[in-house]
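Participant: The structure follows.
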Amino acid sequence: MTIEDQASASPFTEQPVILLEDQEEPPESPQHPPELPLDETDLQTILAKLYSKVDMTFSPTSNQINVCRDRILECSLHAFRRCRFDPAAKLDVIFVDEEDNAEGAVDEGGPTREYLRLLMRAIHQSNVFEGHENDRHLALDTSGQYSFLFFSSQFLRMENCQLTFFFSLALESKMYNCIGKMISVCLVHGGIGPHFFSQRLYDQICGTLSQPTLVEEVVNHSFRQQLIKIQDTNTIVEANEAIMQAADTLSIVGALRRVTTLEERDSLVQSAADFFVNGRVCTSLQQFVEGLKTLNVLDEIQKNPEVFHELFV
């Protein structure tokens, strides 16, 4: 990004191209005659409108962010969870070392933009998302790095056909909400988009219909292989044998049953894949979408899904 280091300057005034990683400076866009009306479906115009509502003349104490480069996400969570943190006010970013000694730079815009780039990269690499590097969707974190509940091929038990959910501490602490808020702040304050959402995750955020879930979208390797084995059977007997071999995992998703036709076999596989990809992260998605409401970002995305597509997917 080529942006003057002035606190009052909008990150969308000079360049309409939003960059996550450092890239060569894009060529300047031709200036439209001032008499032309603003295009409300133009990405630069929409982001500039959102940015114009941020008070860049005042930085409350609660917006001071002391951040260590090696602990970007941890420091950010601490700051964003303050009761008086105001996303609609200027950020005051100070880079510190492990002993909390400041690097010395006064934040006149440069440190904030660097911080927002680093924060988006940390979000991208966090365990809140899973899947391919450039095609990620929400996950139930299994690493324990942020005290998430373990969830893999060891599925939960079910009583009276009623699924019992054990929510992670991430849900209890509204981790997904906070991540959504961070993405909104990165977008509005710095013009920095994620560029790593899967098409399905973006469709879920926009509230549009997604394509049917594919077995290949199940990221858990053992569960995916079990579903593929069921799917590849040629007879009802083979299908039921494969289903019984996967009984422990299928029971938790409410898909365990004997089939009498190959159509029922396909329906079983589809419902199991749907649960793993969509159902199990339903509450996480609700929190995440709530966080994206920060600074009115979600409303603009849902009104202009095609315009924002390039920033997210």
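Values in this text are rule-based calculations from the coordinates and carry no lab data. Computed from a predicted model, the values in this text were never measured in an experiment. Cβ: placed from backbone, ideal geometry, glycine included. Neighbour counts: every protein chain shown.
Participant: With r as the distance between the Cβ atoms of Asn296 and Ile228 and R0 = 51 Å, compute the FRET efficiency 1/(1 + (r/R0)^6) and round to 0.05.
Facilitator: On the way: r = 43 Å, r/R0 = 0.84.
Here the calculated transfer efficiency is 0.75.
Participant: Arg82 to His132: FRET efficiency via 1/(1 + (r/R0)^6), r the Cβ-Cβ distance, R0 25 Å, to the nearest 0.05?
Facilitator: Details: r = 34 Å, r/R0 = 1.37.
Taking R0 as 25 Å, the efficiency between Arg82 and His132 is 0.15.
Participant: So which trypsin sites (Lys or Arg not before Pro) in the range 247-309 pass both tests, a DSSP loop state and at most 12 other Cβ atoms within 10 Å of the Cβ? Please list the in-between numbers first.
Facilitator: Details: sites: Arg257, Arg258, Arg265, Arg280, Lys293, Lys303; in loops: Arg257, Arg258, Lys293.
Sites meeting the loop and neighbour criteria: Arg258.
Participant: Which FRET efficiency value, to the nearest 0.05, do you get for Gln64 and His124 by plugging their Cβ-Cβ distance into 1/(1 + (r/R0)^6) with R0 = 22 Å? The partial results should precede the final answer.
Facilitator: On the way: r = 25 Å, r/R0 = 1.13.
It comes to 0.35.
Participant: Would you pull out the residues with amide H under 5 Å of Ala88's amide H, same chain only if 5 or more places away, H placed 1.01 Å from N?
Facilitator: none
Participant: In nm, what is the difference between 0.36 nm times the number of residues separating Val219 and Glu241 and their Cα-Cα distance? Could the numbers behind the result be given before it?
Facilitator: On the way: separation 22, 0.36 × 22 = 7.92 nm, distance 2.33 nm.
Value of the extension gain: 5.6 nm.
Participant: Note down the net charge around Asp55, summing +1 for each Lys or Arg and -1 for each Asp or Glu among other residues with Cβ under 12 Å from its Cβ. The partial results should precede the final answer.
Facilitator: Numbers: positive: Lys53, Lys90; negative: Asp86.
Counting the neighbours of Asp55, the net charge comes to +1.
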